[in-house]
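Worksheet: the structure to be examined is printed underneath.
The values are calculated or read from the model by the stated rules, or taken from the named source; none is laboratory data. As the structure is a computational prediction, the values presented were derived from the model and not from experiment. Cβ atoms come from the backbone with ideal geometry, glycine included; neighbour counts cover every protein chain shown.
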Amino acid sequence: MPTHSPRPSLSGLAQATRSLPLLAGLAVLYFFAGKVGLRLAIVHPSATAVWPGTGIALAAILLLGPRVWPGIFLGAFAVNLTTAGSILSSLGIASGNTLEALLGAYLVTRFANGRKVFDRAEDIFKFALLACILATTLGATFGTASLVLTGFTHGVKQEPLWLTWWLGDMAGAILVTPCFLLWSSQTETPRRQRPLLLQTVALGSLLLVGLMVFGDFLFPSGQDFPLKFACTPFVVWVAFELRPRAAALAILGFSAVAIGSVLRAAHGAAVPNESLLVIQVFLGVVAMTSLLVSVAVSERNQHEETLQKAKNELEERVLERTRELEERIARQERAEQALRGLSGRLLQIQDQERRRIARELHDSTGQSLAVLTMNLAKFSQEVEGFRPELARQVAESREIAQSVSDELRTTSYLLHPPLLDEMGLQAGLRWYIEGFKERSNIDVRLNLPENPERLPPDLELMIFRVVQEGLTNIHRHSGSATAAICLGNSIGKLTLEIRDQGKGMPTDKLAGFAGLGTAGVGLRGMRERIKGFGGELEISSDGKGTLVRAVIPFRASAPVSDG
């Protein structure tokens, strides 16, 4: 079979072509940053306590991926080759710089949330441990070993060389990497906007304190005193006022001011390497403090905004639910008012029908029975002389007719007592109670106000019906031998009480009445009649009897209806 030689992929070639400007730009940036750092090399021309290249390389791999490692390698190789050493030593140093960036980026991606490492405080600690402290040992080891193996460490101790290299790389990672990662982020953690003037004052104060502490224009001998701790409150202030990206850039500027002030204070003399190492350690601690405080403040603000958002949503839901409940209550109230109006109308129709039936019974049926009674009496007198037996039967029929007439008149009066219209509530109640005593053998005491004024007819009829229903319930259910009715007239209201000494109401019926549940028809009728006049009905009961108490507004002269 014919074999086909592999051809380079056009897409891969195009991608590589597009990456060349990026790699070249990264190499140039790394080269110039390395040259700036090597100007402060003291223990060896290739080892400096200030090495921003580590931060640039680490940020580049985290943002662009491992594919940009050639740019880092070329920049590191060029800066070391043009400074000191040979091609071999420069290759070793460049390899160490590239590998430490690749290792740090891998560890951060694997264990510290990758490019979002500065979103949480716990990831910042992992970043400092894995990328800044651990991974940088690789670059320091490769660099020191390359110089030792190629013979470029004449008279230089290896321990200070390695320590300077490591601390320089570590400080570069801590100070520079956050600036690139935070400013390249599309979205930043929400944070409450602070006044611009306050932010400016905080930043200016930090830079001014840096000049004062590390320079000599205010304290000529200040470097002999441990004044660096005076910067800490201003670092925290800046972290509180600025967003994390702005705070990281401010700390980088503060670091430049601090190192520049130290160099200026030396007046051209050599600065001890130990001083630069101490400054770099201090700046690393300051940068970590600023990052942690700024991110903690951002997390707190984010939590506050989340809680505020949840609170607003909850309030909206509560308001919406409240509106729904109010609408439901309003509909229920309208339905209750309509039902109350319907109940009042039904009771009114019932009273009108009772009045009509009572009138027909009295005027029509009662009169017919009266005529029948008179005719039977006359007929009995006519046949008494010659047919005694027939006369006796006619007399019995007349007595039956008279009894039916009396019962019909009583029924008519119970349906609608004429005394209620003619003489008022008191006369109607007295007549009804006297008849009730005879029919039920229950002793009823009636307590009425002296010389009362006539009430509106519909109100008098309502009170009469409530008393009538109350006494009927006592007769049917209580088993009491006595009853008491009290009608009181105080300022603005009427009070009606019906009391017995019976067995009381069952608990379920009493609860049903109180909860508007399964109350009896008579009790519901009493309650609706009283509510129709704007009053309230209360019932209390125990083993010693029952008390029905109604309170009715005195000025109410017509039932309350929906119109």
Out of (1) under 54 Å from the mean Cα position of the chain (by Cα); (2) in a strand (DSSP E or B); (3) charged (D, E, K, R), the one residue 445 does not meet is (1)
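Per-residue answers, yes or no, for (1) more than 16 Å from residue 174 (Cα to Cα); (2) among the polar types (S, T, N, Q); (3) at pLDDT 75 or above:
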{"position": "218", "(1), (2), (3)": "yes, no, no"}
{"position": "238", "(1), (2), (3)": "yes, no, yes"}
{"position": "252", "(1), (2), (3)": "no, no, yes"}
{"position": "271", "(1), (2), (3)": "yes, no, no"}
Listed by range, helices (runs of 4 or more DSSP H) wholly within region 449-563 having at least 1 residues that are touching a strand residue (DSSP E or B) at 6+ places or on another chain (Cβ under 8 Å), surrounded by 14 or more Cβ atoms within 10 Å (Cβ to Cβ) and modelled with pLDDT of 85 or more are 457-473
Here the residues within region 180-216 that are modelled with pLDDT of 80 or more and in contact with a Gly (Cβ under 8 Å, 6 or more places away or on another chain) are 180
Flagged pairs (Cβ under 8 angstrom, 6 or more apart or on separate chains; first in region 168-187, farther than 17 Å from residue 250 by Cα; second surrounded by 24 or more Cβ atoms within 10 Å (Cβ to Cβ) and among the charged types (D, E, K, R)) are 169/100
ask   = Hey, any hits in region 354-373 for a residue that's loosely packed, with under 15 Cβ neighbours inside 10 Å, modelled with pLDDT of 75 or more and part of a helix (DSSP H, G or I)?
value = no
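The rows are residues; the columns are (1) of a type in the set (A, V, I, L, M, F, W, C); (2) in a helix (DSSP H, G or I); (3) closer than 17 Å to residue 124 by Cβ.
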site	(1), (2), (3)
248	yes, yes, yes
253	no, yes, no
257	yes, yes, no
261	no, yes, no
277	yes, yes, no
289	no, yes, yes
306	no, yes, no
315	no, yes, no
327	no, yes, no
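Report yes if residue 63 is under 16 Å from residue 99 (Cα atoms) and part of a helix (DSSP H, G or I), otherwise no.
Taking the combined requirement at face value, the residue does not satisfy it.
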